[in-house]
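Enquirer: This structure is in C-alpha cells; I'll ask about it shortly.
The values are calculated or read from the model by the stated rules, or taken from the named source; none is laboratory data. If you're wondering where the values come from, they're calculated on a predicted model, not measured in any experiment. FYI the Cβ positions are ideal-geometry reconstructions off the backbone, even for glycines, and counts take in every protein chain you see.
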Amino acid sequence: MLYKSKRGEDKRISSAEAIAFGLSNDGGLFVPESFPCLTAEMINKLISEPYERRAAYIMSLFLKDFTIEELDLYSDNAYGKRKSQGFCDGKTAPLHKVDKGTYFLELWHGPTCAFKDMALQIMPQLLTASLKKIGETREACILVATSGDTGKAALEGFVDVPGVKIMVFYPRDGVSDIQKLQMTSQSGENVNVVAVEGNFDDAQAGVKSIFSNESLRLKLTEAGCFLSSANSINWGRLVPQLAYYISSYCDLLKNGEIEQGEKINFCVPTGNFGNILAAYYAEKIGLPINKLICASNRNDVLTQFINTGVYDKNRQFYTTASPSMDILVSSNLERLLYELSDKDGSMVASYMSRLSTEGSYTVSDSVRAELGRIFASGFCSEEDTMRTISDTFSKHKYLIDPHTAVAYKVLKDYKETTGDDAKTVAVSTASPFKFCDSVLAALGQPHEGTGVMMLDTMSKITGCAVPAPLADLKNKESRFNDTVAINDMEKAVTDFLLERFGH
Ligand SMILES: *Cc1c(COP(=O)(O)O)cnc(C)c1O
C-alpha cells in the first residue's frame, strides 16, 4: 500500500516514508492511495484476541513495510504485559456501560491518562523503525505543538529514545495545572518543554512555519539533524487509533451487546479532528458504523461546518474547561475533505488556500452531502459541560472529565432530536483526575489550591482512586520554566538543537 500527498504531488511513497517525513514537501498530509478491507470474518477472528494482538493486526493492514512480528513486538511494548507503567492494570481500551445502548470507551489508562497515549506509546517505535528502514542517519527532532495532552504523551513516548530529540510547545495559559506539571517535570536528556505566549492555534501555526522554513532546514541538515512531527497529522499517529474503534466493536460482540454486522454510532469529543478521522477510516474499511457524532465545546467551528458546509475560523476563540478541544483550525479535516471530494487534491488545496487567506471556505454540494451521510454534530456550552459531569456522577456513579462530558451531552441531545437509537460508544478521552478543578467545581465542591493538591480531595469525595502516574506527580518538580513569544519559537528550536547539544 502506497501513500501520497493529498495536495496532488504525484510522487508515491511507502508507509515507512510517510511516518518518517510526517508532512509532504508540498505542505500536504499523506493519505493512503487505496484502502484495505475489513471483513466480518476478520472481525470475528479478533474477538478472542487481547488488545495488543487486535492493534497489531489492524496496523498490519496499512503498514506494509512492517512484518506482523515487528508490529506484534511494538504493540506488546506499548499496550501489553511488558509495559511497566500505564496500561498495567490489564485494561487498555475498556468499555463502561452506563445505560442501555450507551457505552464509554475509556482511552485513558495509559501513562499520561489521556487518549493520546493510545497512539504515542507505539508511534515512536514506528518512527525509529521507519527511519532505519529508509536509511536515515540524521538525528530526528520531534517538534510538538500541544493543547495539553499530546505534549506529555509525546514526551513519554520519545523520552530517551536514541537518535531522537523532542521539543514541546504549549499555550502558556491554555492547559490545566496538572497538564502543565506533567510536561514541565518530564525527565530525560533528549527533551525540552517551552510555554508560548499565545493559544494553541498560535503554537501550531508557529510549529508549521518552522517546518516550512527552508533555510532552517538546510542549517539543521548541516548539523546532522532534521525536523519531524508527532502531531496527529503524522500517519503513524492515525493508524494505531483505528484499532480501538474496531476493538470496541469486538468487545460489544463478545459481550453480546450487539449482533454481527449491527451498525453502531460513535460520539467523539473533537479538537484537531484526529480521533474522529480514525473512526471515519474504520468505517471506510468496513467497520459497521451508522453515524459519527462530532462533539465540540463552545469553540463550535466544526459543528457549524458539518451543519452548513461553511468552515469559518473568523470567530472568537474561547478558553474552556475542555482545553484539548480549544481549536479553531482542525488540521486533519484536510484528509477527510480529500476522501469526501473523491480524492480531488486540487479542490482540497483550494479550500486550504482560502482558509489561509480569508479564514473560511465553503465546500461543494456533493462534499456536503457526503459529510451529512456519515457525520452528525453538536456542541456543548460550559454550563452544560459542568451539569453533565455532576448528573452523570449522581445518576450513574460514573466520574467523567470535561471532554468526555462534552461528548456525552452532545450524544444525549442527538438521541433526543433524531430518535436514533443505534447503540452508541461515547469516546472517553481523559481521566477526570487530569482536570480536578473543573470536575470538583462541577460537583459543587471547593477547589482551591493547585491541581496536585486537589487529586486527593477528589479521590476522597468521589471514592475513585487517583491513577498512579498522576499520584506520582506530587513528588515531582518543574524542570522547564521558559516562556517565549510566538515569534521567538524558531530561535528556541535552534538554541535547543544547535547550541545545547553542540551540533
Ligand atoms: C486531544 C484531545 C481531544 C481531541 O482529539 P482530536 O484528535 O484533536 O480531535 C479530546 N479530548 C482529549 C482529552 C484530548 O486530549
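Enquirer: Within region 94-107, can one find any residue that is among the aliphatic types (A, V, I, L, M), closer than 28 Å to Cys141 by Cα and at pLDDT 95 or above?
Expert: Checking region 94-107: at least one residue is among the aliphatic types (A, V, I, L, M), closer than 28 Å to Cys141 by Cα and at pLDDT 95 or above.
Enquirer: With the checklist (1) buried (at least 24 other Cβ atoms within 10 Å of the Cβ); (2) under 26 Å from Lys313 (Cα atoms) in hand, flag the one item Gln121 doesn't pass.
Expert: Checking Gln121 against (1) buried (at least 24 other Cβ atoms within 10 Å of the Cβ); (2) under 26 Å from Lys313 (Cα atoms), the one that fails is (2).
Enquirer: Another question, if that's okay. Of everything in region 111-148, what is touching a Pro at 6+ places or on another chain (Cβ under 9 Å), within 16 Å of the ligand (Cβ to nearest atom) and part of a helix (DSSP H, G or I)? Give them in sequence order.
Expert: Within region 111-148, Asp117, Met118, Ala119, Leu120, Met123 meet the criteria.
Enquirer: Here's a follow-up. Under the condition of being part of a helix (DSSP H, G or I) and hydroxyl-bearing (Ser, Thr, Tyr), which residue from region 361-386 is surrounded by the most Cβ atoms within 10 Å (Cβ to Cβ)?
Expert: Per the stated criteria, the residue is Thr385.
Enquirer: Between a first residue in region 194-207 that is closer than 9 Å to Val484 by Cα and a second residue that is of a type in the set (Asp, Glu), which pairs have beta carbons less than 6 Å apart while being 6 or more apart in sequence or on different chains?
Expert: Val194/Asp482
Enquirer: How about region 392-442: which of its residues are basic (Lys, Arg) and either touching an Asp or Glu at 6+ places or on another chain (Cβ under 8 Å) or within 16 Å of the ligand (Cβ to nearest atom) (or both)?
Expert: Hits for region 392-442 are Lys409, Lys415, Lys423, Lys434.
Enquirer: So, one more: Within region 302-340, track down each residue that is aromatic (Phe, Trp, Tyr) and either on the phi > 0 side of the Ramachandran plot or in a helix (DSSP H, G or I) (or both).
Expert: Phe305, Tyr338
Enquirer: If you check every pair at least six apart or on different chains, which have Cβ atoms under 9 Å apart with a residue in region 220-241 that is closer than 21 Å to Phe496 by Cβ first and a residue that is within 16 Å of the ligand (Cβ to nearest atom) and of a type in the set (S, T, N, Q) second?
Expert: That search, which allows pairs on different chains as well, returns Ser228/Asn234; Ala230/Thr150; Asn231/Thr146; Asn231/Thr150; Asn231/Gln204; Asn231/Asn272; Asn231/Ser331.
Enquirer: What number of residues within region 412-438 are surrounded by 23 or more Cβ atoms within 10 Å (Cβ to Cβ) and part of a helix (DSSP H, G or I)?
Expert: Of the residues in region 412-438, 6 are surrounded by 23 or more Cβ atoms within 10 Å (Cβ to Cβ) and part of a helix (DSSP H, G or I).
Enquirer: I'd like the full set of residues that are at pLDDT 85 or above, closer than 30 Å to Lys395 by Cβ and of a type in the set (Gly, Ala, Ser), limited to region 73-93.
Expert: Selection gives Ala93 alone.
Enquirer: Also, I was wondering about something else. So which pairs qualify, if the first residue must be in region 248-268 and small (Gly, Ala, Ser), the second must be away from the ligand (no atom under 16 Å from the Cβ), the Cβ gap must be under 8 Å, and the two must be at least 6 apart or on different chains?
Expert: Partner pairs satisfying both residue conditions: Ser248/Leu95; Ser248/Tyr103; Gly261/Ala40; Gly261/Pro288.
Enquirer: Could you list all residues from region 313-345 that are surrounded by fewer than 21 Cβ atoms within 10 Å (Cβ to Cβ), away from the ligand (no atom under 16 Å from the Cβ) and either at pLDDT below 90 or of a type in the set (A, V, I, L, M, F, W, C) (or both)?
Expert: The answer is Gly345, and nothing else.
Enquirer: Let me ask another. Taking interchain pairs and intrachain pairs at least six residues apart, which have beta carbon atoms under 8 angstrom, with the first residue in region 5-32 and among the charged types (D, E, K, R) and the second assigned to a loop (DSSP other than H, G, I, E, B) and at pLDDT 85 or above?
Expert: Lys6/Lys343; Arg12/Glu33; Glu17/Ile134
Enquirer: What's the number of the condition Ile389 fails, among (1) free of Cβ contacts under 8 Å to residues at least 24 places away in the same chain; (2) crowded, with 21+ Cβ neighbours inside 10 Å?
Expert: Going through the list (1) free of Cβ contacts under 8 Å to residues at least 24 places away in the same chain; (2) crowded, with 21+ Cβ neighbours inside 10 Å, Ile389 breaks only (1).
Enquirer: Another question, if that's okay. Would it be correct to say that Glu283 is assigned to a helix (DSSP H, G or I), among the acidic types (Asp, Glu) and either away from the ligand (no atom under 16 Å from the Cβ) or modelled with pLDDT of 95 or more (or both)?
Expert: Judged against the criteria, Glu283 is a match.
Enquirer: Of the conditions (1) surrounded by 23 or more Cβ atoms within 10 Å (Cβ to Cβ); (2) over 30 Å from Tyr245 (Cβ atoms), Ile486 fails just one. Which one is it?
Expert: Looking at each condition in turn, Ile486 falls short on (1).
Enquirer: Okay, moving on. Which of the residues belonging to region 161-184 are surrounded by fewer than 24 Cβ atoms within 10 Å (Cβ to Cβ), in a loop (DSSP other than H, G, I, E, B) and touching a residue at least 40 places away in the same chain (Cβ under 8 Å)?
Expert: Arg172, Asp173, Ser176
Enquirer: While we're here: Tally the residues that are among the aliphatic types (A, V, I, L, M), over 23 Å from His109 (Cα atoms) and either out of contact with any Asp or Glu (no Cβ under 6 Å at 6 or more places or on another chain) or within 12 Å of the ligand (Cβ to nearest atom) (or both), restricting the search to region 167-196.
Expert: 5
Enquirer: Still on this model: Please go through region 145-171 and give me each residue that is under 15 Å from Thr483 (Cα atoms), modelled with pLDDT under 95 and within 16 Å of the chain's Cα centre (by Cα), ordered by number.
Expert: Result: Ala145, Thr146.
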